[in-house]
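Right, one structure below, let's go through it.
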Amino acid sequence: MNKRGLKKLSVLLCGIIVLFACARKTNLTTVTTTEEKTAHLDSISHAQERADSLIPMELINRSKHEIHKDLAPDYYALAFKRIQSLIRNPAKESFKEALFHMENAFHNGSLDRKHFEAQLQNLLYLAELHKQSHAEVFLYQETDQEQMLKHASLFHLITDTLRMESQGVELQHLPFLYDHEQAFDSNRWDRNLVSKLLNSKKGNCQALVYLYKMLADAWDVPSHLALAPHHIYLKHSAKATGMFNTELTSASFPSDGWIMSSGYISLKAVQSGIYMKALSKQEEISLVLLDLAQAYHFQRGMGDGQFILSCCEEVLKNFPNCINARLLKAKVLFAQLKIDPDLALKKEHEELIRSIYQLGFREVPQKMYESWISHLRQPEHGNNH
């Protein structure tokens, strides 16, 4: 055999030896002891840790956050679907159901339903005790006496200190208060939440009115929400007097004329139904869906605007002249126009703005509204029904 042939044979033999050694190594690995296997796994683990240490910690945390975000349920989307269904098929306590889903979305699914329900049931129990203890001295004698006595009990439950006795035990319930400190704080959207009101005993006009509304629904007492610029109050009906207004921020019963003149509400705004109208069940639940959109905007920002627009569109299907839904929709469209000055979008925005003013809307400056609320909360004003 020549040198060239010997060289080829040498290379071939070396290759066979290497393959045999690799195979033997693999075979030995498969029959190693438990201790060796553990050591082998530990070495892999340590190698992984060394590799992880080379990755910046902020990237690892961001990755974990994104994974959690992807897996977590979107409570805003879930609340939208549920409230949408309640608007289309309203029942006795649909308003409470809608409100719970809205507030649960704001709390990212952490609102305790049993505790929420228990708080409301406890208030109804106190209202019932108040009703029973005042039935004999209640002077109203029309056929709707029972209904009006319930309204009186709910009114005092929310606005007054109650002292009662139950099974030999003296009970005292303090009123819910209008929160002066946070009423106009744009950084505290939770001032609107009934769950916050129940826990802190303080809230704004919306929280107070929503609480009354839920209790009235559960107690089978007709009660209607009504809107004013930057404000919400209640409308009730009595056989002796007809429709009357209930203002919880001042514990008073202002007349329509007083609300209209002092609240900067035009006759056109009243005629179009954007203000001072007793809302229907569907319209009331639609307001909660609008709250969902506003809560979303507060917590997550505008985004691409699609979620907020979906809420506004659904509200306007069932409450066409809801001025706050029109205003929010116009705000989203204006933001979208800054990104994409589409002609069709511009036309839609212009038509929406035109319709808002045709309905009688006029902007009330924040300071003017704050002054009005302060004026309203003085009992000598507006208590003239």
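Overview of values
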{"quantity": "Within the stretch 218-235, considering residues that are hydrophobic (A, V, I, L, M, F, W, C) and more than 20 Å from the chain's Cα centre (by Cα), the one farthest from Ala98 (Cα to Cα)", "calculated": "Ala228"}
{"quantity": "Subset of the stretch 214-230 that is of a type outside the set (A, V, I, L, M) and surrounded by fewer than 22 Cβ atoms within 10 Å (Cβ to Cβ) - its residue that is modelled with the lowest pLDDT", "calculated": "His230"}
{"quantity": "Single match in Ser310, Ser286 (criterion: under 15 Å from the mean Cα position of the chain (by Cα), of a type outside the set (A, V, I, L, M, F, W, C) and either part of a loop (DSSP other than H, G, I, E, B) or under 23 Å from Ala77 (Cβ atoms) (or both))", "calculated": "Ser286"}
{"quantity": "Residue pairs meeting the criteria (Cβ under 8 Å; at least 6 apart or on separate chains; first on the phi < 0 side of the Ramachandran plot, in the stretch 95-117; second in a loop (DSSP other than H, G, I, E, B) and surrounded by 13 or more Cβ atoms within 10 Å (Cβ to Cβ))", "calculated": "Phe100/Leu111; Glu103/Leu111; Glu103/Leu193; Asn104/Leu111; Phe106/Leu193"}
{"quantity": "From Asp52, Asp74, Asp70, Asp112, residue being under 25 Å from the mean Cα position of the chain (by Cα) and at pLDDT below 90", "calculated": "Asp70"}
{"quantity": "Members of the stretch 318-347 that are of a type in the set (Asp, Glu) and either in a helix (DSSP H, G or I) or touching a residue at least 12 places away in the same chain (Cβ under 8 Å) (or both)", "calculated": "none"}
{"quantity": "Pairs where the first residue, in the stretch 247-263, is free of Cβ contacts under 8 Å to residues at least 60 places away in the same chain and the second is aliphatic (A, V, I, L, M) and buried (at least 22 other Cβ atoms within 10 Å of the Cβ), C-beta under 9 Å, 6+ apart", "calculated": "Met260/Ala228; Met260/Ala269"}
{"quantity": "Tally, over the stretch 304-326, of residues that are under 19 Å from His230 (Cα atoms), touching a Leu at 6+ places or on another chain (Cβ under 9 Å) and hydrophobic (A, V, I, L, M, F, W, C)", "calculated": "6"}
{"quantity": "Among the residues listed as Leu139, Leu162, Leu99, the single one being closer than 21 Å to Glu247 by Cα and either charged (D, E, K, R) or over 17 Å from the mean Cα position of the chain (by Cα) (or both)", "calculated": "Leu162"}
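Here is a yes/no grid of residues against (1) surrounded by fewer than 19 Cβ atoms within 10 Å (Cβ to Cβ); (2) in contact (Cβ under 8 Å) with a residue 12 or more places away in the chain; (3) under 22 Å from Tyr233 (Cβ atoms):
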site: Leu123; (1), (2), (3): no, yes, yes
site: Gln132; (1), (2), (3): yes, no, no
site: Glu136; (1), (2), (3): yes, no, no
site: Gln141; (1), (2), (3): yes, no, no
site: Met148; (1), (2), (3): no, yes, yes
site: Ala152; (1), (2), (3): yes, yes, yes
site: Asp160; (1), (2), (3): yes, yes, yes
site: Gln167; (1), (2), (3): yes, no, no
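The values are calculated or read from the model by the stated rules, or taken from the named source; none is laboratory data. It should be emphasised that the depicted structure is a prediction, and the values quoted were computed from it without experimental measurement. We place every Cβ from the backbone using ideal geometry, glycine too, and count neighbours over all the protein chains shown.
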